[in-house]
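Here the structure comes first, spelled out in structure tokens, and everything after it is commentary.
Taken together, the values in this text are just the output of simple stated rules run on the coordinates, not laboratory data. Predicted model only: the values in this text are computed from it and were never measured. Because the Cβ atoms are built from the backbone with ideal geometry, glycine has one as well, and the counts that use them run over all protein chains shown.
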Amino acid sequence: MRRPVRSRREIRARVPRGRPLIKRGASDGHSADDARRLRGPVIQVHEVGKVFELGQIRVRALRDVSLRIDTGDLVAIMGSSGSGKSTLMNILGCLDIPTSGRYLIDGVDVSQMDEDDLADLRNRKIGFVFQSFNLVARTSALVNVELPLAYAGLRGAERRRRAERALSSVGMANRMHHQPSELSGGQQQRVAVARALVTNPSLILADEPTGNLDSHSTEDVLRIFAHLNEEGRTVVLITHEPDVAQQTKRVIRLSDGEVVEDRRLSGVHDSPPAIHRQKSAHRRPVDSSAVEVRP
Ligand SMILES: Nc1ncnc2c1ncn2[C@@H]1O[C@H](COP(=O)(O)OP(=O)(O)OP(=O)(O)O)[C@@H](O)[C@H]1O
Ligand SMILES: [Mg+2]
């Protein structure tokens with residue numbers, strides 16, 4: 001599995017040379033727009049298994065998991081600790097590979113892609129929010145959010161412009177120059193969300209994005225995900241909290257590496273519950289700066 005980036009030197013070393021992955025300019029032409037056009041499954045998992053070998057011990061983290069997630073869905077993955085949620089999410093995000101079975105994104109078998117195509121896919125299509133934020137310490141929020149764009153080979157001014165816009169879209173315009181240690185948990189999580197959406201991905205994967213947050217910050221983060229989904233992006237999030245799962249359109253439950261429940265709460269193309277409630281109450285969003293998402 002890819003480990004998080006640790007130092008600036010490492011960051012520079014990992015920026016691919018001469019192969020821009022993200023188009024320059026305002027109309028980036030893919031991702032959310034593609035998501036609106038594409039109506040098929042974005043994710044197809046066929047009998048995926050994952051075995052971790054630790055010396056003599058074999059841990060079967062996933063057992064023949066099959067599922068299909070359509071473009072535009074908003075999905076919660078639930079299950080007790082150790083049930084395989086992060087393992088599945090890492091496979092969906094192409095951060096890890098299955099031991100058996102097949103995984104297709106937009107109909108393409110990930111196992112058939114070479115490293116360049118995989119890097120391209122991760123950079124262009126997928127935004128990942130990690131369980132523990134994974135922000136680079138002693139580095140401003142702005143530079144943290146610029147990182148995926150640096151990997152993609154974008155130049156400084158364009159990177160800065162996009163990162164500022166992404167941070168503004170999650171209500172962090174006035175904290176851009178703060179380092180992670182100078183931010184609250186909820187604010188760090190919003191920076192992590194801004195970093196995930198700065199490349200304009202059509203698929204957002206979030207591993208317990210509200211796990212460490214108070215109820216107010218949880219609401220903020222969920223509202224951001226709801227608006228990303230309303231724009232046509234597919235969102236898959238892991239949660240332990242039934243209240244959070246209720247804000248999604250579909251709940252998949254894992255137990256001991258198997259899917260034991262798959263419950264639809266509302267249609268794939270319905271508004272997410274949080275926005276649906278807002279619309280029916282004829283209320284404007286509480287903080288419009290935190291919901292306009294246009295990186
Ligand atoms: N790198 C690894 N090496 C060995 N075993 C692993 C590894 N990663 C996960 N596991 C094991 O696989 C199983 C599933 O782990 P996973 O992290 O997917 O659980 P989870 O559902 O995300 O749990 P949590 O809610 O605690 O985050 C666990 O038994 C775990 O110990
Ligand atoms: Mg986990």
Cα Rg over Rh - the range 164-246, Kirkwood: 0.94
Calculated from backbone phi, Karplus (6.51, -1.76, 1.60) coupling profile of the range 66-78 in Hz, x at Gly/Pro: 10, 7, 9, 10, 7, 4, x, 7, 10, 10, 9, 10, 10
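Find, among the trypsin sites (Lys or Arg not before Pro) in the range 179-287, those assigned to loop by DSSP (not H, G, I, E, B) with at most 15 other beta-carbon atoms within 10 angstrom.
Details: sites: Arg190, Arg195, Arg223, Arg233, Lys249, Arg250, Arg253, Arg263, Arg264, Arg277, Lys279, Arg283; in loops: Arg233, Lys249, Arg283.
In loop regions of the range 179-287 (DSSP not H, G, I, E or B), the sparsely surrounded trypsin sites (Lys or Arg not before Pro) are Arg283.
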Efficiency of FRET between Asn174 and Asp117 - r from beta-carbon atoms, R0 35 angstrom, step 0.05: 0.35
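Between Ser215 and Arg60, what FRET efficiency follows from the Cβ-Cβ distance if R0 is 30 Å, with the result rounded to 0.05? If you can, show how the numbers build up before the last one.
On the way: r = 36 Å, r/R0 = 1.19.
After rounding, the FRET efficiency stands at 0.25.
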Difference of contour (0.36 nm per residue) and Cα-Cα distance, His276 to Val51: 76.9 nm
Cα-projected label distance for Ala137 with Asp256, points at 7 Å along beta-carbon direction, nm: 4.0 nm
Average Cα contact separation per residue, the range 79-139, under 8 Å, 6 or more apart, as relative contact order %: 22 percent
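How far, in nm, would the chain grow between Glu182 and Glu241 when pulled straight, counting 0.36 nm per residue and subtracting the alpha carbon separation? Walk me through the intermediate numbers first.
On the way: separation 59, 0.36 × 59 = 21.24 nm, distance 2.71 nm.
Gain in length upon complete extension: 18.5 nm.
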